[in-house]
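Take a look at the structure below.
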Amino acid sequence: MRPPERWPLHPAPAATESLSSWLRRTASSYGMYSHQLLEHALGHRELSDAELDLNPPRYLLDELAKRTGLDQHRVQAMTMAGWVPWLFDSLTPAPDAYETYVHQFSVLLPPTRRQIYTPRKWLPWLAETRVLRGCRECLKSGPTILLFWQLPLMASCPVHRHRLETYEGHPADYIKWTTSAEDQRELPDSLFLMDRCTWQAIATGSVDLPRRSVHAGVWFRLLRTLLDELSAPQGRYGRQLEDVRRVWDHCGNPFRAGLHTWQPFETLHWTRQQQLLEAAAAAMEMIEAGSLTALGTSAHLLRPEPKAPISSGTPPGPPTARAGAQKQPTLDELWNTVTTTLDACITAAKTDPMVAKHLFDFAHYGCRSEESVRALKDAFAELQIPLDSLSQTKGKKPFA
Ligand SMILES: [Zn+2]
């Protein structure tokens, strides 16, 4: 059998470049259009950019890999299909796809508070109509289109710190920027930081969160969960309504991005999608700062580590043990430190189940009878420190 002909010219794909973009650049090095390259060199019918970038036939990808000497995985990664199961569970819509993807985690709201929707033919991040987006600065240096620009997964370019903008045309030949004035607002720091996490997920396969690094698949689902929670009907927020309103006030966008009836994020206009991404970024910032109540079972991933005396679960050693040369604190100063620390612990324990557990374990140490344990639980209830959330999180009753 004759070995497949290797194409002499084949520009290296840029990181996360889309297949349609790479094929167009490859074809142009022969003075051709990509559909001509497909037809003349591979005998394949013309495919639209959307078809090429979503889920093109596997044999076509294998053939492209052979012709260019690229690794098969590298060619596949230029298509959405190459991102199953990290970014997508599957590219075949299923009735329970929404629940599987969006309800696996919870951040702001307890899982039972959220309504499970079953939008038809739903796939995460993908809309039926393709929106062209790009970074104006990136496109100045060449017509390389990134696969992820097509998805409402992030709103900015991590290199140029610019918002992505919508356009019409093909950047190599003709481009008309169509961004509305409303979408040219300054990029908030929190959104830039969140987008940087998303880029980290794409580029490295994991994201460094305050407590630990999580797999990219977890990050994409956490983000999609937060977007769902922030667009939930008002009645679902219960006593957290004011908190959620503060998130929207913080980013200066209308409550629920102005939605009157529920719609999946993917079908919203880009302006609303950006508002929701801004709200998600603001919520993440506020959760990390401890200024937002987050009752979801995965909220702890977005919080910083509790301060040392709490995380160790043991009381701090005597102050004389360290830095002997330092002046001895007075009893008043010591007491001040104790009460300030305790206040900080109680505040943190109200929103962080892990801190609540450590605080409870610490206080529980001195309890010798059921009665004293009950009294301790009452004291926690009075201080509004939720103990139930932890037992739900772990699926057992740590305080029993
Ligand atoms: Zn850029």
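Laid out as a table, the results:
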read-out: Checking Val159 against (1) within 16 Å of the ligand (Cβ to nearest atom); (2) in a loop (DSSP other than H, G, I, E, B); (3) touching a helix residue (DSSP H, G or I) at 6+ places or on another chain (Cβ under 6 Å), the condition it does not meet; value: (3)
read-out: Where Gly235 falls short, out of the listed (1) open to solvent by less than 40 Å² (accessible area, probe 1.4 Å); (2) part of a helix (DSSP H, G or I); (3) over 24 Å from Glu128 (Cβ atoms); value: (1)
read-out: Criterion: of a type outside the set (D, E, K, R), over 20 Å from Arg272 (Cα atoms) and part of a loop (DSSP other than H, G, I, E, B) - qualifying residue of Ile175, Ile116; value: Ile116
read-out: Long-range neighbours under 6 Å by Cβ, at least six apart or interchain, first residue of a type in the set (Val, Ile, Thr) within the stretch 169-193, second surrounded by fewer than 16 Cβ atoms within 10 Å (Cβ to Cβ); value: Ile175/Gly169; Thr178/Glu168
read-out: Arg133 within 30 Å of Leu295 (Cα to Cα), open to solvent by less than 30 Å² (accessible area, probe 1.4 Å) and either modelled with pLDDT under 95 or not assigned by TED's automatic domain parsing to the domain that holds Thr351 (or both); value: no
read-out: Residue within the stretch 214-227 that is under 14 Å from the mean Cα position of the chain (by Cα), under 24 Å from Ser90 (Cα atoms) and small (Gly, Ala, Ser) present; value: yes
read-out: Within the stretch 174-212, considering residues that are of a type in the set (Val, Ile, Thr) and more than 21 Å from the chain's Cα centre (by Cα), the one nearest to Leu153 (Cα to Cα); value: Thr179
read-out: Test for Arg224: is it closer than 26 Å to Leu301 by Cβ and open to solvent by 10 Å² or more (accessible area, probe 1.4 Å); value: no
read-out: Test: residue in the stretch 162-179 that is within 16 Å of the ligand (Cβ to nearest atom), basic (Lys, Arg) and surrounded by fewer than 16 Cβ atoms within 10 Å (Cβ to Cβ); value: no
read-out: Which listed residue is more than 15 Å from the ligand (Cβ to nearest atom) and either assigned by TED's automatic domain parsing to the domain that holds Glu168 or among the small types (Gly, Ala, Ser) (or both), from Pro143, Pro110; value: Pro110
read-out: Of all residues making up the stretch 1-51, the number that are more than 34 Å from the chain's Cα centre (by Cα), without any contact (Cβ under 8 Å) to a residue 40 or more places away in the chain and outside the structural domain of Glu63 (by TED's automatic domain parsing); value: 5
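Results for (1) modelled with pLDDT of 95 or more; (2) farther than 22 Å from Met78 by Cβ; (3) not assigned by TED's automatic domain parsing to the domain that holds Ser48, shown as yes or no for each residue.
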position	(1), (2), (3)
Thr129	no, no, yes
Trp149	yes, no, yes
Met154	yes, no, yes
Ala172	no, no, yes
Gln184	no, yes, yes
Met194	yes, yes, yes
Gln200	yes, no, yes
Arg212	no, yes, yes
Arg221	yes, yes, yes
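Okay, residues lined up against (1) open to solvent by less than 30 Å² (accessible area, probe 1.4 Å); (2) touching a residue at least 60 places away in the same chain (Cβ under 8 Å); (3) within 13 Å of the ligand (Cβ to nearest atom):
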| position | (1), (2), (3) |
| --- | --- |
| Trp122 | yes, yes, no |
| Leu126 | no, yes, no |
| Phe148 | yes, yes, yes |
| Trp199 | no, no, yes |
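The values are calculated or read from the model by the stated rules, or taken from the named source; none is laboratory data. Here the structure is a predicted model, which means the values were calculated and not measured. Cβ sites come from the backbone with ideal geometry, for glycine too, and all protein chains shown count toward neighbours. The area values use the complete protein model at the heavy-atom level, side chains included, leaving out ligands, DNA and RNA. Shrake-Rupley method; radii C 1.70, N 1.55, O 1.52, S 1.80 Å.
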